[in-house]
Amino acid sequence: RKEVEQDPGPFNVPEGATVAFNCTYSNSASQSFFWYRQDCRKEPKLLMSVYSSGNEDGRFTAQLNRASQYISLLIRDSKLSDSATYLCVVNIPKDSSYKLIFGSGTRLLVRP
Amino acid sequence: NAGVTQTPKFRVLKTGQSMTLLCAQDMNHEYMYWYRQDPGMGLRLIHYSVGEGTTAKGEVPDGYNVSRLKKQNFLLGLESAAPSQTSVYFCASSYSISGSFGNEQFFGPGTRLTVL
């Protein structure tokens, strides 16, 4: 089983739609969680950290479910500019340190 | 404040040639990383460094070497390039490597390498 799993998509939605992605992780000792955004042929950039209580940043809401070991990203009122690949990132303990493990990404296409 | 920069942006090599990719960061980060990204796969860690003069192996270190002679620079070397090393290479840096937040990674723009 992969340490971090995401549905690769693509999710094809119209402008204004609400879309949600889930990401599951296998290591219950995972400490911190992030969503990164990656545009085509660009580097990943931090979109938001995911806190235990859930957090919101404008149209974006991230939630953590430790019991079921998944995190989610909800995008409301989708814009054309939201089209990108969204990477789920999980921080896991490894070899007396920590490592960030990146999912393969979920691709989002927002159409006019 | 340039963040993380990488040179070169593109490179084509023939099998067996060598090259060095340079990564520089101006955020005074202790931790630096080299990843490769291939289609359909997540970022895979090649090597990383927890400080000047130190390096460690990541998930896929074979065929690569690294050096961190200065805190701001992290070099990735390919001694004898192979077609399997065709990929996009990303450098990243972070302030910490702890279990809690503060270990978000900041990425460079990437180097697209093709090995023929």
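The values are calculated or read from the model by the stated rules, or taken from the named source; none is laboratory data. It should be emphasised that the depicted structure is a prediction, and the values quoted were computed from it without experimental measurement. Cβ sites come from the backbone with ideal geometry, for glycine too, and all protein chains shown count toward neighbours.
Descriptive notes on the structure:
The rows are residues; the columns are (1) closer than 15 Å to B:Glu104 by Cβ; (2) of a type in the set (D, E, K, R).
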{"position": "A:Gln63", "(1), (2)": "no, no"}
{"position": "A:Ser68", "(1), (2)": "no, no"}
{"position": "A:Lys79", "(1), (2)": "no, yes"}
{"position": "A:Asp82", "(1), (2)": "no, yes"}
{"position": "A:Val90", "(1), (2)": "yes, no"}
{"position": "A:Leu100", "(1), (2)": "yes, no"}
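- Selection from segment A:91-107 of residues that are out of contact with any Asp or Glu (no Cβ under 6 Å at 6 or more places or on another chain) and either in a loop (DSSP other than H, G, I, E, B) or more than 8 Å from every other protein chain (Cβ to nearest Cβ) (or both): A:Ile92, A:Lys94, A:Asp95, A:Ser96, A:Gly103, A:Ser104, A:Gly105, A:Arg107
- Boolean, B:Thr15 is within 13 Å of another protein chain (Cβ to nearest Cβ) and over 22 Å from A:Gln38 (Cβ atoms): no
- Of the strands (runs of 3 or more DSSP E) lying entirely inside segment B:27-116, those containing at least 2 residues that are surrounded by 15 or more Cβ atoms within 10 Å (Cβ to Cβ) are B:31-37, B:44-51, B:64-67, B:73-78, B:87-94, B:105-107, B:111-115.
- Of the residues B:Glu104, B:Glu79, the single one that is modelled with pLDDT under 95, over 14 Å from the mean Cα position of the chain (by Cα), more than 18 Å from B:Asp38 (Cβ to Cβ) and within 11 Å of chain A (Cβ to nearest Cβ) is B:Glu104.
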